[in-house]
Amino acid sequence: MQAWTIMGHGPHDLDDVRQLEIATPTPGPGELLIQVGAVGLNPADYKVIENGTWNDPHVIGMDAAGIVAGLGRGVTDFTVGDRVFYHGDLRRAGSLATYTITTSQSVAHLPVNVSLDAAAASLCGTLTAYQALHRKANLTTAKSVLIHAGGGAVGLAALQFAHQLGLQTITTTSDRKRALVERVGADVIIDYHQTDVTQAVLAATNGRGVDVSLNTLGGETIAEDVVRMAYNGQIIAIGDGMPAHFDFDARALSLSRSGLGGVYRSADPVGIHDLAVMATAVGKQLASGTLDPVIGATLSFNQAVIGLKHLKHDENLGKLVVHVDSSLK
């Protein structure tokens with residue numbers, strides 16, 4: 001089979017990625033063999049390439065939508081021919097290949113009226129947003145949410161979920177991505193290049209501050225959110241890094257971390273299966289048309305590395321999806 005691979009000691013450059021012919025994998029106990037139709041590209045894909053070390057050719061790619069082509073021992077919830085999609089484990093051989101294997105625990109069935117492209121585009125970023133709002137945030141009395149980087153994959157999904165939950169949505173973005181956040185219906189859009197974010201947030205909330213902040217930037221920007229929060233506000237950290245100092249006390253704030261991939265390292269079966277539970281919920285929204293996957297471009301299999309370069313340099317507008325096997329629908 002054909003696969004995009006990286007090999008050797010890091011650090012690597014994206015130009016080190018090679019398309020090779022390698023053996024088709026065989027599913028082990030509890031695993032599925034997936035014939036890959038489409039792959040959604042994510043920043044984590046190129047970060048792993050740049051920093052990883054492998055003694056053998058390692059297939060890259062994390063998210064996938066496709067068809068079940070084989071069952072490992074003990075798998076009972078799937079049959080050959082099922083349409084599926086999933087957010088994968090970065091430690092495994094990845095999805096930018098004709099076939100791949102994954103644990104069946106995290107795989108979701110795909111509704112018949114949802115394309116593989118839409119499914120592949122609605123995994124890493126979309127599930128992160130879903131987890132933040134439906135798993136991490138306490139929305140009992142919440143009225144508003146600040147979503148940083150609303151034009152990114154997490155932000156675009158979070159804006160849609162937040163609207164469904166009846167929250168006032170305030171988002172930061174650049175002028176280049178303004179049309180994307182307008183497309184999904186942000187209530188207040190702040191161009192962080194032109195406007196003081198704190199002043200704009202307080203103005204939009206009549207000086208009260210927001211109840212929830214989804215902070216995809218990380219680091220010291222988390223501490224900067226403190227003055228933008230309402231009393232008893234919640235900051236959900238999605239971006240990497242934590243601030244050196246955080247003032248919880250003055251506004252009785254809470255801070256939590258939201259993340260997907262680490263659950264595989266934890267080996268927690270409940271957490272791993274929740275990836276499938278969340279993907280199932282996302283699939284239902286895609287099927288009903290209540291969620292827009294915001295696909296910016298679809299690429300051929302041979303263009304996968306070109307797509308990763310666009311993503312790394314923030315040149316994309318919307319999700320980038322690679323067709324691995326365009327004959328699959």
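Dipole of the stretch 56-157 computed with +1 at Lys/Arg Cβ and -1 at Asp/Glu Cβ about the Cα centre; of Val68, Val114, Gly150, farthest Cα towards the positive end is Gly150.
The trypsin sites (Lys or Arg not before Pro) of the stretch 1-107 that DSSP puts in a loop, and whose beta carbon has at most 12 other beta carbons within 10 Å, are Arg73, Arg91.
Go ahead and set up a Gaussian network model of the chain, Cα springs under 10 Å, then flag whichever of Tyr99, Tyr231, Tyr86 fluctuates most. Judging by the Gaussian network model, the answer is Tyr231. Proximity of backbone amide H atoms, modeled 1.01 Å from N, is registered between Thr205 and no other residue at under 5 Å, excluding neighbours fewer than 5 places apart on the same chain. Taking all protein chains as shown and a probe of 1.4 angstrom, Met1 keeps an accessible surface of around 40 Å². For the stretch 13-167, the calculated P(r) over all alpha carbon pairs, in 5 Å bins from 0 to the bin holding the longest distance, is 2, 9, 17, 18, 17, 15, 11, 7, 4, 1, 0 percent.
Accessible surface of the stretch 217-323, 1.4 Å probe: 55 percent of it comes from carbon and sulfur atoms.
When the chain is treated as a GNM with alpha-carbon contacts under 10 Å, the residue of Phe246, Phe85, Phe301 showing the greatest mean-square fluctuation is Phe246.
Straight-line reach from Lys177: taking Cα to Cα under 14 Å and skipping same-chain neighbours fewer than 8 places apart, the aspartates and glutamates in range are Asp191, Asp314, Glu315.
Quick one: accessible area per residue over the chain, 1.4 Å probe, rounded to a whole number of Å²?
Value for the chain: 42 Å² per residue.
Quick one: of Lys284/Lys329; Lys47/Lys319; Lys136/Lys284; Lys136/Lys312; Lys47/Lys309; Lys309/Lys329, which pairs are farther than 19 Å apart, Cα to Cα? Check vs 19 Å cut-off fails for Lys136/Lys284; Lys136/Lys312; Lys309/Lys329. Taking the Cα centre of the chain as origin and charging only Cβ (+1 Lys, Arg; -1 Asp, Glu), how large is the dipole, in debye to the nearest 20? So the dipole magnitude of the chain works out to roughly 580 debye. Nearest 10 degrees is fine. How inclined is helix 269-288 to the longest principal axis of the chain, computing both from alpha carbons? With both axes taken from Cα atoms, the answer is about 80 degrees.
The values are calculated or read from the model by the stated rules, or taken from the named source; none is laboratory data. Since the structure is predicted, the reported quantities are computational estimates derived from the model, not experimental observations. Reconstructed Cβ throughout: ideal geometry from the backbone, glycine too, with neighbour counts over all protein chains shown. Side chains included, ligands, DNA and RNA excluded: accessible areas come from the protein's heavy atoms. Shrake-Rupley method; radii C 1.70, N 1.55, O 1.52, S 1.80 Å.
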